[in-house]
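Quick note: the coordinates plus some simple rules give every number you see, no bench work behind them. Here the structure is a predicted model, which is why all the values come from computation and not from measurement. Please note: Cβ atoms are built from the backbone with ideal geometry, for glycine as well, and neighbour counts cover all protein chains shown.
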Amino acid sequence: MRYLLLLKTEENPGLGAPPQELMDAIARHGEAEAKSGRLLDTGGLAPTAMSARVRLAGGKLTTTDGPFTEAKEVIASYAMFDVGSQEEAIELATTFMELHKIHWPGWEGESEVRQVFGPADFASDG
């Protein structure tokens, strides 16, 4: 089963850039998970100032350029895993959050764990 782990945090938490120790720990963790075959993809996301939103509402499409001042929390990064259960995905998210706890005191955020469905999950039996 594929799971997407989304890291959510304030866009500008006032803590500056992530510490190098955290980035090194994340890199080591990612390398180990990639070698195990569980980590499929990962990436950090650009700030909202470099982003845009396309919205469909009332039958009309609108595009809004960032930054998005109303956004209190943003998705900062993602990781896609292929694991055997939701519990295993939650363990991976917990490990990732522990790295932040250890290497970036004062940082706050959350990791959302979402199963990813593909076409086979919606195939009709008929």
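Taking the residues in region 24-76 that are assigned to a strand (DSSP E or B) and either touching a Gly at 6+ places or on another chain (Cβ under 9 Å) or of a type in the set (Phe, Trp, Tyr) (or both) as candidates, determine which candidate is nearest to Ser111 (Cα to Cα).
Applying the first criterion (assigned to a strand (DSSP E or B)) to region 24-76 yields 39-44, 52-57, 60-65, 74-76.
Cutting the leftovers down to either touching a Gly at 6+ places or on another chain (Cβ under 9 Å) or of a type in the set (Phe, Trp, Tyr) (or both) gives us 39, 42, 52-53, 76.
Numbers: Leu39: 16, Thr42: 14, Ala52: 23, Arg53: 22, Ala76: 10 Å.
Only one residue fits best here, namely Ala76.
Being of a type in the set (Ser, Thr, Tyr) and surrounded by 12 or more Cβ atoms within 10 Å (Cβ to Cβ) is the filter here; which residues of region 36-52 pass it?
Initially, region 36-52 is screened for residues of a type in the set (Ser, Thr, Tyr), giving 36, 42, 48, 51.
Within region 36-52, Thr42, Thr48, Ser51 meet the criteria.
How many residues are farther than 16 Å from Met1 by Cβ, surrounded by fewer than 12 Cβ atoms within 10 Å (Cβ to Cβ) and among the hydrophobic types (A, V, I, L, M, F, W, C) when one looks only at region 83-119?
Number satisfying all stated conditions: 1.
For Glu21, state whether it is part of a helix (DSSP H, G or I) and either acidic (Asp, Glu) or touching a Gly at 6+ places or on another chain (Cβ under 6 Å) (or both). I'd like the intermediate steps shown before the answer.
Working: part of a helix (DSSP H, G or I): yes; either acidic (Asp, Glu) or touching a Gly at 6+ places or on another chain (Cβ under 6 Å) (or both): yes.
Yes, satisfied.
Residue check: is Phe81 among the aromatic types (Phe, Trp, Tyr), under 16 Å from the mean Cα position of the chain (by Cα) and outside any strand (DSSP E or B)? Give the steps one after another, and end with the answer.
Details: among the aromatic types (Phe, Trp, Tyr): yes; under 16 Å from the mean Cα position of the chain (by Cα): yes; outside any strand (DSSP E or B): no.
Spelling it out, it is not the case that Phe81 is among the aromatic types (Phe, Trp, Tyr), under 16 Å from the mean Cα position of the chain (by Cα) and outside any strand (DSSP E or B).
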